[in-house]
Structure formats: structure tokens, C-alpha cells
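As C-alpha cells, the structure follows; a few thoughts come after it.
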2 protein chains.
Amino acid sequence: MTPAGRRIVTAAEELFYDRGITSVGVDLIAEYSGVTKRTLYNQFGSKDHLVAVYLAERDKRWRSRVRETVDGCDDPAEAVTAPFETLRTWSEANTRGCAFINALAELPDPSHPAHRIAADQKHWLLTLFKELATAAGCADADTLATRLLVLHEGALATQPLPLDTLPVSTDLARALVRASTAPGR
Amino acid sequence: MTPAGRRIVTAAEELFYDRGITSVGVDLIAEYSGVTKRTLYNQFGSKDHLVAVYLAERDKRWRSRVRETVDGCDDPAEAVTAPFETLRTWSEANTRGCAFINALAELPDPSHPAHRIAADQKHWLLTLFKELATAAGCADADTLATRLLVLHEGALATQPLPLDTLPVSTDLARALVRASTAPGR
DNA sequence: TCGTAGGTATACTGGTCTGTGAATCTGACG
DNA sequence: CGTCAGATTCACAGACCAGTATACCTACGA
């Protein structure tokens, strides 16, 4: 990707997330990234494609943050709930909820690439939870993983509201992991 | 509200939810409800106001459905998770996630009436969970209520994705209620 | 030295959007 | 019969939007 292309994606990430995809026009993105609209179209071809790149790039950044947090855990049981810790720091700069759920809300057409990207992201997180739970020796890793995903998404979805759900979600997630690794079970 | 006004709101409920607020123009709503655009503006003044009415009306319908389900429960412990049962039947005709979360995604301006309506809705559900938990004699009703809310919103948010999270969420919700009313605690 | 890729500058097309103006119609109710 | 609110008809303003056309500039590598 050319330097101009990179600047465009950076601007798109900020504007699309903060103001919504439909509300942000290509002219604004071009102006914001100090680039001509012609360049934007030479690089990405269409707004829809730029939206797809924006989501894919954001997904990539988020996954590497999660991976970092997971790898920074000594205890395998602690690692299972590492994505909740990522969410805590991630939320400091991202207070408009989940970019992928939001994108689905704005782009109802199921054939839009955004739908595949969003589905892939959630599926990736579910699989990660499964793998981490299995590695930590949790009972019924499949159910536990789905439970953790629901808690994660619930905390993320309610983030734009004045409810402060993350601490409670994280606590419950840890309790579930603890319970499924308890010697009694 | 005049008969025409009611038809407009009905059309708006369907179109806004299924296709997104920004993607649906007032012309489409007018055509869909068999009414002139002039009438629409005479009744509601602006699209933003119509959006607010749409959300308020949907909220009203949903609350009465929840109340019905709650009132249909014999066991107070069963009543605590009644909103999850409502969500099950509600989801049969509403597969695009939460209309309020979606509205926040599309309307980033915090001064838009949609924000207040959405916040009120989630706050109402949280309070309901608290009341029901207290009535059922649950320990730590406040924390339990927040946990249930997160599960509810998580199931709702992941609904547009191919994940089938509702059964697992409902099971966990019931288990949490059971645990907090156990004689041991 | 010359071609080419990446970028700039600017004007423009065709369409859609929210919202308004002005005149007319219709039916219920006093 | 007269009034008036609700509704229709239809044209139109003004803004914005995605995407295109054309011409030009610049740096770099064969």
C-alpha cells in the first residue's frame, strides 16, 4: 500500500468509527487524509471496498492486541479471560461500541463484505476462547467459550451506554473459568 | 395520532429496523405507508423526530411483551429470566439485532433523542432485573441484575451472526439465578 | 533520457436526500 | 350550509453524495 493509501485508511478508521460509515463521505476522508479524491479512488476503487479495508485493518489491529495480552499471561487460566483485559484498555480510546456490529447495523445488505469480516471476527474470538479453555484444562470448553463470547459482546455492546458493565462481565468470566477448573468438577 | 400517522409509524418501524435508519429515506416511508411526503412532515416535522417516535413505539411494544412474559410466570425465580424467554420469541421476527444499539451506531450525535431512548430502555431492563431478583430473594441482586443484562445484550448483539448464542445465554442466566437462591448461600 | 507510477488540481455528472410552497380536495361536524 | 382539519398533488429548492474526466506535475528507475 502506498503512503497516501495508508493515510487514507488511517483517516477512514477514525472517521468511520467515530461518526458512522454512512454519515462519512469520501470527500471528508480525502480532505482529512490530505489526499485528492482521485487518489482515493485510484487506490480503493469504491467506498464499499474502502469500508472493507477499514474493517479488515481494524480487525487485524485488535487481534494483535488480544494476542499480545494472551501471550503476556503466565497462568493458562488467566489467559482464558485475557480478551476482557484487552477490552478494558481498548475501550479507553473506543467508546462507540463494536465497529463490526455497528457496520452490520449500517449495511443491511448481507452480501456486503463487511458481513463476512464481522462474522469471521466473532468466530475467531469464539475459537480462541475454546483453545484457551482447552489449554487451561477447563471442563466443557465449548459451552464455556460461548458463554465468554456472550459476556464479551454484551460488555462491548453496552459500552456506549452509561452502565459500566465491563468490571461485572470480567468478574463473571473469571468466576466461570475458575468454576470449570475447580478440582471438585 | 391520525390514521395516516399510525400507518407512517408502522412503515417506519419495519423499514428502519430492516434496512437501517440512514439507508431509508422519507420518500420510501411515505410510499410504503401509502401517504404523501407532505402528510409525513405535517405529522412529524422532521425525519429525526420520526426516528424518535419509531424507537419509542418499538420500546413500548417490547416492554409490554416483557411484562406479559413476566406476569405469566408462577415461580418468582423463573420470572427473573423471563426477558430471555421474551427474547426467544421476539427474535423470530427480529433478526437484525437490537434496534436501539443499531440506532446509536447510525446516529453518533449524542444529543439526538435516540440516545436518551436507548439509554432509558437498557436502564429499564436493568431495573426490572433488580426488582425481579429481589422479589425472588436472590443474593446480591445488583450484581446479578448487571450480569443478566450483559448476557441479554450479548445474546441480542450476536443475534445477526451465525452463532446461536441465545440458548447458552439463557441457560447461564438460569444457573446464575439458581446459584443465588441456593439454600447454601 | 525517457517512460511510468503515484499524486495533484479542478470541474463535472447524475442521482438522492431532507424539507418546503402553494393550491386543491374531502369528509365530519357545528 | 359553512368551517376546518387532515390529506393530496406536484413542483421545487438546496445540499450532498459517489464516482468520473481531463490535464498536469514529479520523482525514480531502466
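General remarks:
- Binning all Cα-Cα separations of the range A:1-45 at 5 Å, short to long from zero, yields these whole-percent fractions: 5, 27, 37, 22, 9, 1.
- Projecting label points 7 angstrom from Cα along Cα→Cβ for B:Glu131 and B:Thr89 puts them 2.0 nm apart.
- Look at where the Cα atoms of the range A:35-58 and of the range B:61-78 average out, and the two centres are 48 Å apart.
- Contact order relative to length of the range A:49-181, as percent, for alpha carbon pairs under 8 angstrom and 6 or more apart: 29 percent
- Mean-position separation - Cα centroids, the range A:116-185 and the range B:108-122, in angstrom: 28 Å
- Residues A:Thr181, B:Thr81, A:Thr165 arranged by fewest to most Cβ contacts within 10 Å: A:Thr181, A:Thr165, B:Thr81
- Dipole of the range B:1-45 computed with +1 at Lys/Arg Cβ and -1 at Asp/Glu Cβ about the Cα centre; of B:Val24, B:Gly45, B:Ala12, farthest Cα towards the positive end is B:Gly45.
- Cα extents for the range B:56-181 along the principal axes, largest to smallest and rounded to whole angstrom: 42, 31, 24.
- Look at the stretch B:102-111: the mean tally of other chain Cβ atoms within 10 Å of its residues' Cβ atoms is 5.
- Kirkwood Rh in Å, taken over all unlike Cα pairs in the range A:105-156: 12.1 Å
- Using R0 = 35 Å, the C-beta based FRET efficiency linking B:His49 and A:Ser46 works out to 0.55.
- Within the range B:10-31: backbone nitrogen closer than 11 Å to the B:Glu57 label point (7 Å, Cα to C-beta): B:10-16
- Label points for B:Gly72 are taken 7 Å from Cα along Cα→Cβ. From this copy to the others they lie 4.8 nm apart, shortest first.
- The modelled label-to-label distance for the pair A:Arg174/B:Arg38, using points 7 Å beyond Cα in the direction of Cβ, is 6.5 nm.
- Sorted ascending by nearby beta carbons within 10 Å, beginning with the fewest, B:Ser33, B:Ser64 become B:Ser64, B:Ser33.
- Debye log10 I(q)/I(0) for the range A:1-122, one point scatterer per Cα, at q = 0.11, 0.14, 0.18, 0.20 Å⁻¹: -0.42, -0.64, -0.96, -1.11
- DSSP H segments from chain A that extend 20 Å or more along their own axis, Cα-based, with Kyte-Doolittle mean of -1.0 or above: A:3-19, A:113-135, A:141-157, A:166-181
- Among the listed pairs A:Lys47/B:Lys47; A:Lys37/B:Lys122; A:Lys37/B:Lys37; A:Lys37/A:Lys122; B:Lys37/B:Lys60; A:Lys122/B:Lys122, a Cα-Cα separation exceeding 30 Å is found for A:Lys37/B:Lys122; A:Lys37/B:Lys37; A:Lys37/A:Lys122.
- Out of every Cα-Cα pair that the protein assembly as shown contains, those further apart than 33 angstrom amount to 34 percent.
Every read-out reported here was derived from the displayed coordinates using simple, explicitly stated rules and does not represent laboratory data. Quantities reported herein were computed from a predicted structural model and do not represent experimental measurements. Cβ sites come from the backbone with ideal geometry, for glycine too, and all protein chains shown count toward neighbours.
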